[in-house]
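These notes concern the structure reproduced below.
Throughout, read-outs are computed from the coordinates displayed, never taken from laboratory work. The structure presented is a predicted model; accordingly, all values stated were derived computationally and were not measured. Quick reminder, even Gly has a Cβ in these numbers, built from the backbone with ideal geometry, and neighbours come from all protein chains shown.
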Amino acid sequence: MRLSPGDLSIQLPDVADGDTSAAVGRADEAFERWRTTPAAERVGCLKAAQGRISEQKEQLARGIALETGKPITEARGEVGAVVAKIDLAIADAKRHLADSTESDCTNPNVIRRRARGVAGVIGPFNFPVHLAHGAITAYLLAGNTVVFKPSPLAAGVCQAYGDLMRESFPPGVFEVVQGGAAVGQALVSHSAVRSVCFTGSVAAGKAIAGATADDLGKDVALELGGKNAAIVRDDADLDLAATAVAEAMCLTAGQRCNSTSRVLVDHTVEARFIDLLKQKLATFVPGDPLDDATRLGPVVTEAARRRYLDTIAQPLDWIVLGGAPEQVAGNKRGHYVLPAVARAEAERAVGLELFREEVFAPVALVVPTRSDAEAVKLANATDYGLTTSVFTPDRDRFLKLADALEAGNVYQNLATTFSPSTLPFGGWKSSGNGRPGGRGFVRFVTNEQVVQMKA
Ligand code: NAD
């Protein structure tokens, strides 16, 4: 039985596992016709989907908030991004899918992009519609057909999104199959699935990479976790830095791949920064996700709440004490948690689980640093490489630091969560490959074919 994480008195409908082979079979059958459908018609279908999704914006946002606990204002932002993504994807397709030719080859030639076939898209719970949708739009525009397996923690809202999409395309072009890890494995392992886009944890990403390793023609794009650092230098605007860190810790209750979970602060400004951070975090009061005023919702499941409780029970120097209130305003019972911050000197910090592993809750570790070089070394000292923020007003200093940082996205004076759909997004190292998260993923979803004719 699934319960709403923000109100345990609300039971969510159970969704039965789908039939993966039937869904892939329909998508496979539809592929040849869809691949040869003129690009303008494919764009027309997507614009029709955009219209349908726009009409259902509020219901979809409510569904996200009810099922995942994401505050309604954030959920509205997610659905707004879904609508906007369609125009960005169309612009990307125009830019990246056009044929080209090499004039210094003596033979007439065309370099063109061909759709791969059926794509399997697997989504996480934290942006249950938006992240999958980014990949889905790119695949469809390039002439692939798609089978989407959403997170079982957001099955209802993803079904609603899926219905709106399915109505907008010819039969079989877009399919949804519900289920958990076993259904995900069946989907990625299916021989007719020629491309996979997965967003989720490193553990599941590794299981998918393993399951597909023998099929060398199957491309696998992975968007995985992060252990994102905010670097606060001695010349930083501390109020700005503390505001950005608090926000990036608490958005989606710290359950974003790009949440801030490590703060590497220059020792000369540490005390002032921590005072400000405490003040900013105090404004994130846990509340009902359906309330417009709520900025900190619950974590998604009882297991996630337990993981948080285990983390804050560790014998560390906790400078902001966490906790898990049983109840919040309006007498709502749910998986509520408070922001928590620990502090450790660098030598001890690097060995801590809190420094290396995602907790996926509003928890961060503050580590004092003594130079730019030490801050970079610590920022890079994890297996992840998704986003890093640097707080300094000095552009040259920032660019020098950025050059040494092992992260797919780096920001000056912006939160680690500042990842607009108008730019590419993706991780290095264990944070993933293929950059499916943002702009330009359409480049990944085709095979390049070089056609040459004798002069
Ligand atoms: P998860 O890995 O538990 O599940 C993600 C999806 O994979 C779900 O649909 C799940 O049913 C499916 N799945 C799980 N195990 C599988 C397996 N062995 N084979 C096939 N499918 C499987 O992740 P989650 O808890 O839903 O999401 C949180 C994780 O996602 C975090 O690690 C977060 O950092 C990451 N994430 C990354 C990005 C990014 O852009 N890099 C964005 C959002 C979330």
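Which percent, to the nearest 5, of DSSP beta bridges fully inside segment 333-455 are antiparallel?
In segment 333-455, approximately 20 percent of DSSP beta bridges are antiparallel ones.
Can you work out the base-10 log of I(q)/I(0) for segment 18-162 at q = 0.11, 0.13, 0.17 1/Å, using the Debye formula on its C-alpha atoms alone?
-0.47, -0.63, -0.97
Do you know the relative contact order of segment 28-94, to the nearest whole percent, from alpha carbon pairs under 8 angstrom that are 6+ apart?
For segment 28-94, the relative contact order is 30 percent.
Looking at the chain only, what percent of DSSP beta bridges run antiparallel? Nearest 5 please.
35 percent
Cα centroids of segment 192-218 and segment 113-167: how far apart, whole angstrom?
16 Å
In nm, what is the difference between 0.36 nm times the number of residues separating E55 and D292 and their Cα-Cα distance?
That pair, E55 and D292, stretches by 83.3 nm at full extension.
Between the helical axis of 155-166 and the dominant principal axis of the chain, each derived from Cα atoms, what acute angle in degrees is found, rounded to the nearest 10?
The angle comes out at about 30 degrees.
Got the relative contact order for segment 343-455 handy, in percent, Cα pairs under 8 Å and 6 or more residues apart?
Averaging sequence separation for qualifying contacts and normalising by length gives 19 percent for segment 343-455.
Round to the nearest 0.05 the FRET efficiency obtained for L352 and A373 when R0 = 22 Å and r is the Cβ-Cβ distance.
According to the calculation, E is roughly 0.55.
Amide H neighbours of I10 under 5 Å, counting only residues 5+ apart in sequence or on other chains, H built in-plane at 1.01 Å?
Those lying under 5 Å, H to H, from I10 are S4.
For the chain, compute the orientation-averaged projected area of the C-alpha convex hull (one quarter of its surface), in nm².
Its average projected convex-hull area is 22.7 nm².
Could you list which residues have their amide H under 5 Å from that of F148, counting only those 5 or more apart in sequence or on another chain, with H placed in the peptide plane?
Long-range HN contacts for F148: V121, E175, V176, V177.
In debye to the nearest 20, how big a dipole does segment 1-126 give about its Cα centre with +1 on each Lys and Arg Cβ and -1 on each Asp and Glu Cβ?
320 debye
Placing unit charges on C-beta atoms (Lys and Arg positive, Asp and Glu negative, everything else neutral), compute the dipole magnitude of the chain about its Cα centre in debye, rounded to 20.
740 debye
Based on alpha-carbon centroids, what's the gap between segment 2-80 and segment 388-411 in Å, whole number please?
If you average the Cα positions of each part, the centres end up 36 Å apart.
Taking the number of other C-beta atoms within 10 Å as the exposure measure, put Y139, Y411 in order starting with the fewest.
Fewest-to-most ranking of Y139, Y411: Y411, Y139.
Whole-Hz ³J(HN,Hα) for each residue in segment 334-351, computed from phi via Karplus 6.51 cos²θ - 1.76 cosθ + 1.60 with θ = phi - 60°, x for glycine and proline: what do you get?
x, 8, 7, 9, 9, x, 9, 9, 10, 10, 8, 5, 3, 4, 7, 3, 4, x
Counting other C-beta atoms within 10 Å, which of H96, H267, H133, H190 has the fewest, and how do the rest follow?
Ranking H96, H267, H133, H190 by Cβ neighbours within 10 Å, fewest first, gives H267, H96, H190, H133.
When the Cα centres of segment 424-444 and segment 329-366 are compared, how far apart do they sit, in Å?
After rounding, the separation between the Cα centres reads 27 Å.
Please identify the trypsin sites (Lys or Arg not before Pro) of segment 312-374 that satisfy two criteria: DSSP loop assignment and at most 14 other Cβ atoms within 10 Å. Which are they?
Loop-located and lightly packed - R370.
Around L296, which amide H atoms from residues at least 5 apart in sequence, or from another chain, sit under 5 Å from its own amide H, with H modelled in the peptide plane?
Those lying under 5 Å, H to H, from L296 are V285, G287.
Angle check, please: helix 57-68 long axis (alpha carbons) against the longest principal axis of the chain (alpha carbons), in degrees 0 to 90, nearest 10.
60 degrees
Given segment 107-218, report the % of alpha carbon pairs whose separation exceeds 25 Å. Write down the numbers at each step before the final one.
Details: 1214 of 6216 pairs.
That tail contains 20 percent of the Cα-Cα pairs.
Using label points projected 7 Å from each Cα along Cα→Cβ, tell me how many nm separate D17 and K400, to one decimal.
Each label point lies 7 Å from its Cα, and together they span 5.7 nm.
So what is the relative contact order of the chain, in percent, for Cα pairs below 8 Å that sit 6 or more residues apart?
Answer for the chain is 20 percent.
By count of other Cβ within 10 Å, fewest leading, how are K85, K429, K206, K149 ordered? Mind showing how you got there, number by number?
Numbers: K85 25, K429 16, K206 13, K149 28.
The fewest-first ordering by Cβ neighbours comes to K206, K429, K85, K149.
Hey, any idea what the orientation-averaged projected area of the convex hull of segment 231-373's Cα atoms comes to, in nm²?
8.4 nm²
Where does helix 270-281 land angle-wise versus the long Cα axis of the chain, in degrees 0 to 90, nearest 10?
Here the helix axis deviates by roughly 70 degrees.
Counting pairwise Cα distances across segment 181-308, what percent come out greater than 17 angstrom?
Across segment 181-308, Cα pairs with separations above 17 Å total 68 percent.
Pull out the extension gain between A209 and I10, defined as 0.36 nm times the separation in residues minus the alpha carbon to alpha carbon distance; nm, one decimal.
That works out to 68.0 nm of additional length.
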